[in-house]
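Written out below as structure tokens is the structure these notes cover.
Quick note: the coordinates plus some simple rules give every number you see, no bench work behind them. No experiment lies behind these values; they were computed from the predicted model shown. Note: ideal-geometry Cβ built from the backbone for every residue, glycine included; neighbour counts use all protein chains shown.
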Amino acid sequence: MRRFTFKLLGTGCVGVGIAGAFLPILPSTIFFIMAAACFARSSPALEDKILKHPVFGPPVVAWREYGAISTRSKIIALAGMAFGFGLFYYSANPNPWLAITVAIFMLGCGIYVATRPSGPKENLAE
């Protein structure tokens, strides 16, 4: 039952990841990272397919091995967060406390993304 559940979750993450590859506001890599983690517990063959995929595999492997996010991906993620906050602020017209709470949360997420290594060389220098 546990293997089936992880396989089902992994398949769902792959589906969302594929959708994210085509939708500009939905990330894809994080869902492939989660899918690989689920498949590691349920289907090594499917995990291997993700890790060896020419497009989605390298970022998943970089995250697993080094906790790394490429510089290009960091820029896209940070720009997306800024755009998302701007869209939230101007379309929702939130009260100041909500705006500050969301800004702090997004700032924390942005700091986390920005401080991850960009690759193995950066990680080994630390």
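Met106 to Ala21: FRET efficiency via 1/(1 + (r/R0)^6), r the Cβ-Cβ distance, R0 22 Å, to the nearest 0.05?
After rounding to 0.05, the efficiency reads 0.45.
Which shape class applies to segment 2-66: rounded if a/c is under 1.5, otherwise prolate when a/b exceeds b/c and oblate if not, where a ≥ b ≥ c are the square roots of the Cα gyration tensor eigenvalues?
Note, shape of segment 2-66 comes out oblate.
For Val113, what is the net charge nearby, where nearby means another residue's Cβ is under 13 Å from its Cβ and Lys, Arg count +1, Asp, Glu -1?
My count for the surroundings of Val113 gives +3.
On average over all directions, what projected area in square nanometres does the chain have, based on the convex hull of its Cα atoms? It would help to have the intermediate numbers written out before the result.
Numbers: hull surface 37.9 nm².
Quarter of the Cα hull surface area: 9.5 nm².
Within 10 Å, count the other beta carbons around each residue, average over each peptide in 5-15, 82-92, and list them highest first.
Packing order, densest peptide first, comes out as 5-15, 82-92.
About the Cα centre, and with charges only on the beta carbon of Lys, Arg (+1) and Asp, Glu (-1), how big is the dipole of the chain? Nearest 20 debye, please. Mind showing how you got there, number by number?
On the way: 11 positive and 5 negative charges, 69 e Å.
My answer is approximately 340 debye.
In square nanometres, what is one fourth of the surface area of the convex hull spanned by the alpha carbons of segment 71-125?
3.9 nm²
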